[in-house]
């Protein structure tokens, strides 16, 4: 972030984006290679998918409940009936272009698994220790990109909602996960780590896998990917059912409120929800690489 300020926020946007995308896909490829080295991994994929789905539902439900409670209390105290009326909400059909990025990332992990399984000599140059430098470089690039997007960080201190929304999303996700952990084979801390991507599936999967937990890393990758894809349906539905409660859509969107799901939030709610959604996603994304190692 400091480097972006030093060289100028308006410079190197394209270079940063290209380097970030390259390092991201390479890390996901490494994650696939690492996952395929687990003995009996393919027989575990079914149970891993189910665990990921239950993690997703629990986290999203918790964020929804806390977000709804906060919004109801806030509007009762202020006597305000809601934000300005949103445009008529409607469900968008899923287009191939909207799914291009998550599908390509899943494909990248799959390529790594296939090569390690059927052609291990093609990836014998890969060492787990080589991931660290790439991971730290990627985090530096993320910091640069956050500053280059010129998010008005001063507004964080001006709006109580902007401070509360990330707290509600994180706390709600953790509340739902702690209930799920009571019936899970994973410990509470493991469940908290796996859900701490809050929709940032590429980062959460890589961090957990690189920490030495490839099974949990794969589950986390799937769970956070499902959270983003679930938001694609939930945001329009919440726009229909709760047209004056944009905070709910922002909370269930997690980190995706600042990018993938931002157009849907803008379309289904008033324009005032957009800066809240962007800063909400940025704040949560900042804490992802901090919270996951803490729980691990």
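The values are calculated or read from the model by the stated rules, or taken from the named source; none is laboratory data. Quantities reported herein were computed from a predicted structural model and do not represent experimental measurements. We place every Cβ from the backbone using ideal geometry, glycine too, and count neighbours over all the protein chains shown.
Table: residues versus (1) surrounded by 12 or more Cβ atoms within 10 Å (Cβ to Cβ); (2) touching a strand residue (DSSP E or B) at 6+ places or on another chain (Cβ under 7 Å); (3) at pLDDT below 80.
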site	(1), (2), (3)
62	yes, no, no
66	yes, no, no
69	yes, no, no
79	no, no, yes
84	no, no, yes
98	yes, no, yes
101	yes, no, yes
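The condition of being surrounded by fewer than 17 Cβ atoms within 10 Å (Cβ to Cβ) and at pLDDT below 95 does not hold for residue 181.
Which residues, taken from the stretch 249-272, are crowded, with 24+ Cβ neighbours inside 10 Å and closer than 22 Å to residue 171 by Cα?
We begin by selecting, within the stretch 249-272, every residue crowded, with 24+ Cβ neighbours inside 10 Å; these are 249-258, 261, 264-265, 268-269.
Those that are crowded, with 24+ Cβ neighbours inside 10 Å and closer than 22 Å to residue 171 by Cα: 249, 250, 251, 252, 253, 254, 255, 256, 257, 258, 261, 265.
Among the residues of the stretch 13-43, those that are over 29 Å from residue 144 (Cβ atoms), out of contact with any helix residue (DSSP H, G or I) (no Cβ under 7 Å at 6 or more places or on another chain) and not in a loop (DSSP other than H, G, I, E, B) comprise 42, 43.
Conditions (1) modelled with pLDDT under 85; (2) more than 28 Å from residue 42 (Cβ to Cβ); (3) under 21 Å from the mean Cα position of the chain (by Cα), marked per residue:
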residue: 110; (1), (2), (3): no, no, yes
residue: 124; (1), (2), (3): yes, no, no
residue: 139; (1), (2), (3): yes, yes, yes
residue: 146; (1), (2), (3): yes, yes, yes
residue: 185; (1), (2), (3): no, no, no
residue: 197; (1), (2), (3): no, no, yes
residue: 209; (1), (2), (3): no, no, yes
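Taking each residue of the stretch 117-144 that is more than 22 Å from residue 289 (Cα to Cα) and looking for partners that are surrounded by 14 or more Cβ atoms within 10 Å (Cβ to Cβ) and at pLDDT 75 or above with beta-carbon atoms closer than 6 Å, six or more apart or interchain, yields 117/36; 122/115; 123/33; 123/115; 123/116; 126/33.
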